[in-house]
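These notes are about the structure you will find just below.
The values are calculated or read from the model by the stated rules, or taken from the named source; none is laboratory data. What you see is a predicted model, and the numbers here were worked out from it, not measured in a lab. Using ideal geometry, Cβ is built from the backbone for each residue, glycine included, and neighbour counts are taken over all protein chains shown. Heads up: the accessible areas ignore ligands, DNA and RNA and are worked out on the full protein's heavy atoms, side chains in. Shrake-Rupley method; radii C 1.70, N 1.55, O 1.52, S 1.80 Å.
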Amino acid sequence: INGAVELEEKDIKHRILVIKINRLYQRCMDEQVLYNAVRGAWRVSKETVKTVEYVFGVYNSLIVAVYKPSAWFVCKEAKDKLPRRDIVLTPKTENRLFFVDERFEQGLPLDENETFYIGKSIAGLKLNQLAHNPITYLYPLEKDKIHI
């Protein structure tokens, strides 16, 4: 997309949660607003997100944000930490999860992996780009394991 380098399967060295933020994203949005858009609240499994090393915020297949979650929270258990004011807790949303990236919140620069991934396109990866679910997982290719 617009000359972005394509991320290839062989480039994926981490367990990644991809979050499509097409509706929330705006060009030149403030970094804090972008962070809060990406971090939640999502319908994801507590068990699965424990293994996630990086979270991508993706807009039209372009990786616009990369975060390294330091902790995940259930919305109803951490109301004071909710990422956005527009998140209303209902029976449908109260068990959704959101994350915190302490390095980002401390203003630290991107690590080398975040720097590698940011700005790349995932259009060429075998993802269900049309799915209404904004959540997709990417895992490194493991030659010994069978993907289910």
field: Residue pairs meeting the criteria (Cβ under 9 Å; at least 6 apart or on separate chains; first without any contact (Cβ under 8 Å) to a residue 60 or more places away in the chain and among the β-branched types (Val, Ile, Thr), in segment 85-101; second in a strand (DSSP E or B) and surrounded by 17 or more Cβ atoms within 10 Å (Cβ to Cβ))
entry: 87/40; 87/41; 87/98; 93/41
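Would you pick out the residues in segment 124-148 that are at pLDDT 70 or above and open to solvent by 50 Å² or more (accessible area, probe 1.4 Å)? Let's see the steps before the verdict.
Going through segment 124-148, the residues at pLDDT 70 or above turn out to be 124-127, 132-142.
124, 126, 132, 133, 137, 139, 141, 142 - these are the residues of segment 124-148 that are at pLDDT 70 or above and open to solvent by 50 Å² or more (accessible area, probe 1.4 Å).
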message: Going residue by residue through segment 44-63, is there one that turns out to be out of contact with any Leu (no Cβ under 9 Å at 6 or more places or on another chain), assigned to a helix (DSSP H, G or I) and not acidic (Asp, Glu)?
response: yes
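Without any contact (Cβ under 8 Å) to a residue 12 or more places away in the chain, open to solvent by 30 Å² or more (accessible area, probe 1.4 Å) and aliphatic (A, V, I, L, M): which single residue out of 62, 82, 108 fits that description? If you could, list the steps in order and put the result at the bottom.
Numbers: 62 fails: without any contact (Cβ under 8 Å) to a residue 12 or more places away in the chain; 82 fails: without any contact (Cβ under 8 Å) to a residue 12 or more places away in the chain.
The unique qualifying residue is 108.
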message: Condition (residue is in contact with a Gly (Cβ under 8 Å, 6 or more places away or on another chain), modelled with pLDDT of 95 or more and not basic (Lys, Arg)) applied to segment 8-17: is it met by at least one residue?
response: no
message: Just to verify a result, which residue in segment 12-30, among those that are without any contact (Cβ under 8 Å) to a residue 40 or more places away in the chain and farther than 13 Å from residue 60 by Cβ, is surrounded by the most Cβ atoms within 10 Å (Cβ to Cβ)?
response: 29
- request: Of the conditions (1) touching a strand residue (DSSP E or B) at 6+ places or on another chain (Cβ under 8 Å); (2) hydrophobic (A, V, I, L, M, F, W, C); (3) assigned to a helix (DSSP H, G or I), residue 123 clears all except one; give me its number.
  value: (3)
- prompt: Any residue at all in segment 62-82 that is touching an Asp or Glu at 6+ places or on another chain (Cβ under 6 Å), among the charged types (D, E, K, R) and modelled with pLDDT of 95 or more?
  reply: yes
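Which of the residues that make up segment 83-102 are touching a Gly at 6+ places or on another chain (Cβ under 9 Å) and modelled with pLDDT under 95?
Narrowing segment 83-102 to residues touching a Gly at 6+ places or on another chain (Cβ under 9 Å): 83-84, 87, 96-99.
The answer is 83, 84, 87.
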